[in-house]
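Data block below; observations after.
The values are calculated or read from the model by the stated rules, or taken from the named source; none is laboratory data. This is a predicted model, so every value here is computed, not measured. Note: ideal-geometry Cβ built from the backbone for every residue, glycine included; neighbour counts use all protein chains shown.
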There are 2 protein chains.
Amino acid sequence: MLDNIEKDLLEKVSGLKDKPKGAYNIRLNSKAIDRSSSSNIAITKKEDKDGIDIRIAPGTKKEVCYIPVIMDKAGITECVYNDFYIGDDCDVTIVAGCGIHNCGKADSEHDGIHTFYIGKNSKVKYLEKHYGSGDGEGKRIMNPTTIVEMDENSYMEMETTQIRGINSTKRITKGTVGKNSTLIVKEKLLTHGQQFAESDFEVNLDGENSHSNIISRAVAQDKSKQIFIAKIYGNNKCHGHSECDAIIMDEANISAIPEIKANHPESNLIHEAAIGKIAGEQLIKLMSLGLTEKEAENQIINGFLK
Amino acid sequence: MLDNIEKDLLEKVSGLKDKPKGAYNIRLNSKAIDRSSSSNIAITKKEDKDGIDIRIAPGTKKEVCYIPVIMDKAGITECVYNDFYIGDDCDVTIVAGCGIHNCGKADSEHDGIHTFYIGKNSKVKYLEKHYGSGDGEGKRIMNPTTIVEMDENSYMEMETTQIRGINSTKRITKGTVGKNSTLIVKEKLLTHGQQFAESDFEVNLDGENSHSNIISRAVAQDKSKQIFIAKIYGNNKCHGHSECDAIIMDEANISAIPEIKANHPESNLIHEAAIGKIAGEQLIKLMSLGLTEKEAENQIINGFLK
């Protein structure tokens, strides 16, 4: 079914070497090539637009749902809507991710709009890896939008990773956090060449004792450009924190523009950001152990993004 | 010459009880009522618009120049341009500041545009206090703009203070920092009632080994609103840091929107911001020493803004 390039993309973005057990939807070049529901997780195709609905029954525990997207044809532009309805009292993991291999002249673009409705007392882990390969002139473009609406006592942890390979990305994440609920976002990003990446977070801490933590680690190499925007609005008694740590190299360019806004006297909001180059002493130390400058740099970057 | 209200305003914003020695310009209700130059500092009226030129001779050391503005008539709106030409190798202090007493129905507004050209190896301390009093319906409005252009090896420290009394302020500060030069800004702000305050900083670290540190401490009480914006652009090998610490009380509203942008791989840029209420334990501790809740709050706020 999948050729070697496609298998490689699938593994890179989802960790899958084979069909997974349980519920999944595998999308290749704008078509679902395989789909399965489980007794607790129903995946159905949307009738009105491109995309799927994922309905997770209340009380579903320890299940994993895979919905990877792979593209290896140049010239595809797609916009896909995936909606996740997660019942009360769940504990589930969702593995999304997109891999694009482009050897052609035309650009390939995947725009995914993922909306999560998370029920009371539910816990969701959401993993999203972006990966690009291929030596065509055509660009690999991904614009993911993630919208999260969290009911009471819920917990969501998002881990998003884009290490190399994507020419242009604009990532939008919007969260509305209910009473006693927590939204954690961990983002890792490495750009190089002429790549462009923008991450734009907006979190509304609406519920009493709501909490959010946005942690971004970024490396910009060569002539790449990155923009990090994180807005946290405290609309109730809440804790919000964002941090952006970035390493700048070569002729790259990084901006960090966080915003915290306290609309309630019991909002506690903090942000931190730091942009700098790799410390000279760190490089020298590793080079004194026998590494070349390039190897030492790579080791530091890998540690930073781990 | 000055009545008691005017004397009080003058002392509040400049610390002056009498005519100072040296160079000064005292402005009352849109007119210079007294002006003096010293052998090193020449103050002259502008011909083309409202305002003065302050020319400080190279090598001037340990001199203080006072240019306070006071207003106690309602209904005045003025826009004043003051330009400071500071020669090389100086070490001077400039005391600006504006006090408005408004007992009338019409608003009183002072907009001051101060531009500093700081010569090589020069050190400037700039103090700016804003103060308002009077129980009229008319608003007390101040919109100061400060533009700083710093040549090599220069150092400027700005201290701006606005504790109560100003209904509306939009403060703009722009700095361009040359080679081996340092710009430090310390801002203290307390708003209450329906007051509005916006601080907007933009610093371009253009010179090699340039440095800037922007430190803001803010308290917002009642229904007041504050916006803090600090943009630091690293365009060379440089260090930039901004921090905004804010206490929110009652139904106030505070936003902090810093931006750091590294346009050079040897830019080191950091920002931090925190908004929160007074810690409960601190209040309880002071109250256990016999203070009322209000007294305890005031003591904490005074310490925070000191």
In this structure, does B:Asn253 turn out to be at pLDDT 95 or above and closer than 17 Å to A:Ala262 by Cα? yes
Taking only segment B:214-228 into account, find how many residues are buried (at least 20 other Cβ atoms within 10 Å of the Cβ) and either facing chain A (nearest Cβ under 10 Å) or of a type in the set (S, T, N, Q) (or both). 6
Residues of segment B:279-305 that turn out to be assigned to a loop (DSSP other than H, G, I, E, B) and either of a type in the set (D, E, K, R) or within 23 Å of B:Lys188 (Cβ to Cβ) (or both), as a count: 2
Please identify the pairs in which a residue from segment B:141-166 that is farther than 19 Å from B:Val95 by Cα and in contact (Cβ under 8 Å) with a residue 12 or more places away in the chain has its Cβ atom under 8 Å from the Cβ atom of a residue that is part of a loop (DSSP other than H, G, I, E, B) and among the acidic types (Asp, Glu), counting only partners at least 6 apart or on another chain. B:Ile141/B:Asp107; B:Asp151/B:Asp88
Within segment A:229-238, track down each residue that is more than 9 Å from chain B (Cβ to nearest Cβ) and farther than 15 Å from A:Thr173 by Cα. A:Asn235, A:Asn236, A:Lys237, A:Cys238
Determine whether A:Gly99 is small (Gly, Ala, Ser), free of Cβ contacts under 8 Å to residues at least 40 places away in the same chain and either assigned to a strand (DSSP E or B) or crowded, with 17+ Cβ neighbours inside 10 Å (or both). no
Given the conditions (1) in a strand (DSSP E or B); (2) surrounded by fewer than 15 Cβ atoms within 10 Å (Cβ to Cβ), and given that A:Val80 satisfies all but one, which numbered condition is not satisfied? (2)
Search result, residues across segment A:62-76 that are more than 22 Å from A:Thr44 (Cα to Cα), touching an Asp or Glu at 6+ places or on another chain (Cβ under 9 Å) and surrounded by fewer than 19 Cβ atoms within 10 Å (Cβ to Cβ): A:Gly75, A:Ile76
Just to be sure, is A:Asp245 surrounded by fewer than 20 Cβ atoms within 10 Å (Cβ to Cβ), among the acidic types (Asp, Glu) and at positive phi? no
If we keep only residues of segment A:239-278 that are over 21 Å from A:Ser224 (Cβ atoms) and outside any strand (DSSP E or B), then the residue farthest from the other protein chains (Cβ to nearest Cβ) is A:His264
Somewhere in segment B:157-172, is a residue touching a Lys or Arg at 6+ places or on another chain (Cβ under 6 Å) and either among the basic types (Lys, Arg) or farther than 26 Å from B:His101 by Cβ (or both)? yes
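Conditions tested, residue by residue: (1) under 22 Å from the mean Cα position of the chain (by Cα); (2) at pLDDT below 95; (3) of a type outside the set (A, V, I, L, M, F, W, C).
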{"position": "A:Leu2", "(1), (2), (3)": "no, yes, no"}
{"position": "A:Lys12", "(1), (2), (3)": "yes, yes, yes"}
{"position": "A:Pro20", "(1), (2), (3)": "yes, yes, yes"}
{"position": "A:Ala23", "(1), (2), (3)": "yes, no, no"}
{"position": "A:Leu28", "(1), (2), (3)": "yes, no, no"}
{"position": "A:Ser39", "(1), (2), (3)": "no, no, yes"}
{"position": "A:Thr44", "(1), (2), (3)": "no, no, yes"}
{"position": "A:Asp50", "(1), (2), (3)": "yes, no, yes"}
Could you please let me know if B:Tyr126 is hydroxyl-bearing (Ser, Thr, Tyr), surrounded by 18 or more Cβ atoms within 10 Å (Cβ to Cβ) and in a strand (DSSP E or B)? yes
Count of residues meeting criterion [crowded, with 23+ Cβ neighbours inside 10 Å and under 19 Å from A:Ala106 (Cα atoms)] in segment A:130-165: 4
